Amino acid sequence: MSRRTRAYPLVLPYAFLIVLAIGAAFPLLWIIISSVKSSTELAHDPLSFWPSDFTLEHYRHVLFDLGAIGNLGNSLVISLSTTVLTIAVSATGAYGIVRFFPRVGQRLTQLLISTYMFPPILLAVPYTAIMIALGLANTYVGLVLAYLSFSIPYAIWMLTAFYQTVPLEIEEAAQVDGAGKFRTFFSIASPIVLPGIVATAIYTFINSFNEFLYALLFINTTDRMPISVALYSLSGSEVLDWGAMMAACVIVVLPSVIFFLAIQKYIAAGLSEGSVK
């Protein structure tokens, strides 16, 4: 059988995957293309695929006239703070559960994940009352604490499964060589589960960056609003500016995509890097 004949059975699966990829990416592509069309073209010929009049006016209007560049900075500060704190607490917590409390670890992780049984709207009123009582309303700290309350339990649940895959023999060998608990955690176990840490960081960042309910309730001044709440304010007028809305949607999605592309290389490099160490 020739090499070309053996390749024929692979054509159909790859073609099917290509079609699925195009279908998944098409809505984002359509938003990007619509964001660079002029307002006149969006009003008179909204179904045209390629813009006949290319413009970046909508981005300038959203970023500078509407102040979205400041809102984007707010979202980045809140999301990155939540992600860093979540990973720091969850990684140490998950490792401690696996290595020091293995018998109760499974029940403890099930208890943590059960916190997701409560819908966010159910906790909105108690959270708001607590933040007001603590003087944390309309502050980044209050919003980050709210995000940590539901991101840390899920992150611990995810990372516990990853740390359970670390061979105990590798850690014992490191301890024989004189490595303590902290060095074993940072230099041996964590590099091995780096793909899981990266995946958890991506999930946490995207969730906190796109979160809307608590941001709408806790933040009540325009200069501190995250981009998700600022985007919602664009739909408050009687006539919706579709160009500005499309540009704002791209601005919201872009940081998550960039964050993922910047750290995706660590997913493949994590296992081999940790094993060598």
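The values are calculated or read from the model by the stated rules, or taken from the named source; none is laboratory data. No experiment lies behind these values; they were computed from the predicted model shown. Virtual Cβ from ideal backbone geometry, glycine too; neighbours counted across all protein chains shown.
If I ask for residues that are surrounded by 15 or more Cβ atoms within 10 Å (Cβ to Cβ) and of a type in the set (A, V, I, L, M, F, W, C), which ones from segment 128-153 would you list?
Result: ILE130, MET131, LEU136, ALA137, LEU143, VAL144, LEU145, ALA146, LEU148, PHE150, ILE152.
Among the listed residues LEU213, LEU194, identify the single one that is farther than 24 Å from ILE258 by Cβ and within 21 Å of the chain's Cα centre (by Cα). Break it down into steps so the answer makes sense when it comes.
On the way: LEU194 fails: farther than 24 Å from ILE258 by Cβ.
Checking each option against the conditions leaves just LEU213.
Quick check on LEU66: is it over 21 Å from the mean Cα position of the chain (by Cα) and either at pLDDT 90 or above or surrounded by fewer than 18 Cβ atoms within 10 Å (Cβ to Cβ) (or both)?
Details: over 21 Å from the mean Cα position of the chain (by Cα): yes; either at pLDDT 90 or above or surrounded by fewer than 18 Cβ atoms within 10 Å (Cβ to Cβ) (or both): no.
Taking the combined requirement at face value, the residue does not satisfy it.
Do any helices (runs of 4 or more DSSP H) entirely within segment 143-229 hold 3 or more residues that are within 22 Å of PRO102 (Cα to Cα) and touching a residue at least 24 places away in the same chain (Cβ under 8 Å), and if so, which? Break it down into steps so the answer makes sense when it comes.
On the way: elements: 168-176, 181-184, 194-210, 213-218.
In segment 143-229, the matching helices (runs of 4 or more DSSP H) lie at 194-210.
Filter segment 25-56 for residues that are surrounded by 16 or more Cβ atoms within 10 Å (Cβ to Cβ), over 30 Å from ILE202 (Cβ atoms) and not hydroxyl-bearing (Ser, Thr, Tyr) and give the result.
Once the filter is applied, which keeps residues that are surrounded by 16 or more Cβ atoms within 10 Å (Cβ to Cβ), over 30 Å from ILE202 (Cβ atoms) and not hydroxyl-bearing (Ser, Thr, Tyr), segment 25-56 yields LYS37, GLU41, LEU42, PRO51.
Note down all Cβ pairs under 6 Å where the first residue falls in segment 245-274 and is within 16 Å of ARG60 (Cβ to Cβ), the second is hydroxyl-bearing (Ser, Thr, Tyr) and at pLDDT 75 or above, and they're at least six residues apart or on different chains.
Sorted first by the residue in segment 245-274, then by its partner, the pairs are MET246/SER34; MET246/SER35; ALA247/SER35; ALA247/TYR59; VAL250/SER35.
Take THR160 and tell me if it is crowded, with 19+ Cβ neighbours inside 10 Å, among the polar types (S, T, N, Q) and at pLDDT below 85.
On the way: crowded, with 19+ Cβ neighbours inside 10 Å: yes; among the polar types (S, T, N, Q): yes; at pLDDT below 85: no.
It is false that THR160 is crowded, with 19+ Cβ neighbours inside 10 Å, among the polar types (S, T, N, Q) and at pLDDT below 85.
Would you confirm whether or not segment 156-164 contains a residue that is under 30 Å from ASP223 (Cβ atoms) and touching a Phe, Trp or Tyr at 6+ places or on another chain (Cβ under 7 Å)? Full working, then the answer.
If we filter segment 156-164 for residues that are under 30 Å from ASP223 (Cβ atoms), which is where we start, we get none.
No, the conditions are met nowhere in segment 156-164.
Pick from ILE69, ILE31: which is in contact (Cβ under 8 Å) with a residue 60 or more places away in the chain, in contact with a helix residue (DSSP H, G or I) (Cβ under 8 Å, 6 or more places away or on another chain) and within 20 Å of LEU231 (Cα to Cα)?
Numbers: ILE69 fails: in contact (Cβ under 8 Å) with a residue 60 or more places away in the chain.
When all the criteria are applied, what remains is ILE31.
If only one of LEU76, LEU122 is surrounded by 14 or more Cβ atoms within 10 Å (Cβ to Cβ) and not polar (S, T, N, Q), which one is it? Before the answer, list the steps.
Numbers: LEU122 fails: surrounded by 14 or more Cβ atoms within 10 Å (Cβ to Cβ).
Result of the check over LEU76, LEU122: LEU76.
If SER208 passes every condition in (1) modelled with pLDDT of 85 or more; (2) among the hydroxyl-bearing types (Ser, Thr, Tyr); (3) more than 20 Å from the chain's Cα centre (by Cα) but one, which one does it miss?
(3)
Any residue at all in segment 1-21 that's surrounded by 12 or more Cβ atoms within 10 Å (Cβ to Cβ), modelled with pLDDT of 80 or more and either among the β-branched types (Val, Ile, Thr) or under 27 Å from ILE206 (Cβ atoms) (or both)? Before you say what the answer is, go through the steps one by one.
Start the filter on segment 1-21 by keeping residues that are surrounded by 12 or more Cβ atoms within 10 Å (Cβ to Cβ), which leaves none.
Checked against the condition, which is being surrounded by 12 or more Cβ atoms within 10 Å (Cβ to Cβ), modelled with pLDDT of 80 or more and either among the β-branched types (Val, Ile, Thr) or under 27 Å from ILE206 (Cβ atoms) (or both), segment 1-21 yields no hits at all.
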